[in-house]
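Student: Following this message is one structure expressed as structure tokens.
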Amino acid sequence: MIQVAFFVGAIGAVGGALAVVALRNPFYSVLALIVHLVSLAGLFLLLHAQFVAAAQVVVYAGAVMVLYVFVAAYVGQEQESLYEPLAGQRVLAPLLGVAIFVELSIAVLGTALSSLSSRGPTIPLSFGTPASIGNLLLEHFLIVFEAASMLLLVAAVAAVVLAGRRRTETTEEGA
Amino acid sequence: MDVSWYLVLSAMLFAIGAVGVLVRRSPLVVLLCLELMLNAGNLALVAFSRSTGNQDGQIFALIVMVVAACEVVVGLGLIVAMFRRRLPLDVDELRKLRG
């Protein structure tokens, strides 16, 4: 049963990722990424990471992807030109990707990691629940938590400064 | 399920994201492929957290999600600013900073 759930999630995640790279229309790429993120949330549930899975669906597939959809609609569909400034890029890049995959797989499977344990240790029932994650965030990782909130504030201000309409720009457009 | 299955899946997703960053030229899609790579890292973190029975990896994954959200906000702000100035939305044509 767990194997079936894993393979369904894995096929969804890999299919979504391939669709993000392959589809020509950026809008469809965004929708494919949502499929990928929801499949990953299912895999997180299999790994007993309930809070991370919920945050993945609510924050990522919900909020961040809405931002992407709006920008994709605002910018519109610009077709990528077929002109290739770097010769052989289309051929070399997939080769490089396969090389990274093979290297990482060797690094994962070639070590003694598999001899540690196949199923992982027995974990308490509260593993990964919002209560225990919240406890951990506010007791052990309080500084990290506050730094993350500060980072979000800085990013919000940066987005307003970057994308906001400047006065000189509007006069240029009016003239 | 063995943890190495999850790690191999994570490696595959990371490789697909890296190929996307190299092949695609629309900055919006490059950002999407960066998300793919970050999520592959998240999957590996959560898998290790399960295999060691320690929740610290899940905290790490949450913080990675926060950093990814910040990166998205700044990146999309840049794309909107580029669009307003009628710059070409093509990462191969924006190479004035190259030395």
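Each reported figure results from applying straightforward, stated rules to the coordinates on display, with no laboratory input. Treat the numbers as computed from the prediction; the structure is a model and nothing was measured. Quick reminder, even Gly has a Cβ in these numbers, built from the backbone with ideal geometry, and neighbours come from all protein chains shown.
Student: Please work out the FRET efficiency for the pair A:Leu109 and A:Val14, using the Cβ-Cβ distance as r and a Förster radius of 22 Å; give the result to the nearest 0.05.
Tutor: So, using R0 = 22 Å, E works out to roughly 0.75.
Student: Inside 10 Å of the C-beta atoms of A:150-158, what's the mean count of C-beta atoms belonging to other chains?
Tutor: On the way: counts 0, 5, 5, 1, 3, 9, 4, 1, 5.
Per residue, the number of nearby Cβ atoms from other chains is 4 on average.
Student: Here's a follow-up. With a ≥ b ≥ c the root eigenvalues of the C-alpha gyration tensor of chain B, is it rounded (a/c under 1.5), prolate (a/b larger than b/c) or oblate? Please report the intermediate quantities before stating the final value.
Tutor: Details: a/c = 3.84, a/b = 2.11, b/c = 1.82.
Since a/c reaches 1.5 and a/b is larger than b/c, the shape of chain B is classed as prolate.
Student: Working out 0.36 nm times the residue gap between A:Ala22 and A:Gln3, then minus their Cα-Cα distance, what length gain in nm do you get to one decimal?
Tutor: Contour length minus Cα-Cα distance gives 4.0 nm.
Student: Related question: On average, how many beta carbons from a partner chain sit within 10 Å of the beta carbon of a residue in A:28-34?
Tutor: Values: counts 0, 7, 4, 0, 1, 7, 0.
For this peptide, the per-residue mean of nearby foreign Cβ atoms is 3.
Student: Sticking with this structure for a sec: Helix-only mean residue ellipticity at 222 nm, chain B, DSSP H runs n ≥ 4 weighted -39,500 (n - 2.57), per residue, nearest 500. What is it?
Tutor: So the calculated ellipticity at 222 nm is -27000 deg cm²/dmol.
Student: Measuring from centroid to centroid over Cα atoms, what is the spacing of segment B:1-73 and segment A:11-44 in Å?
Tutor: A separation of 13 Å, based on Cα centres.
Student: Under unit Cβ charges (Lys, Arg +1; Asp, Glu -1), what dipole magnitude, rounded to 20 debye, does the protein assembly as shown have relative to its Cα centre?
Tutor: Values: 15 positive and 16 negative charges, 76 e Å.
In total the dipole reaches around 360 debye.
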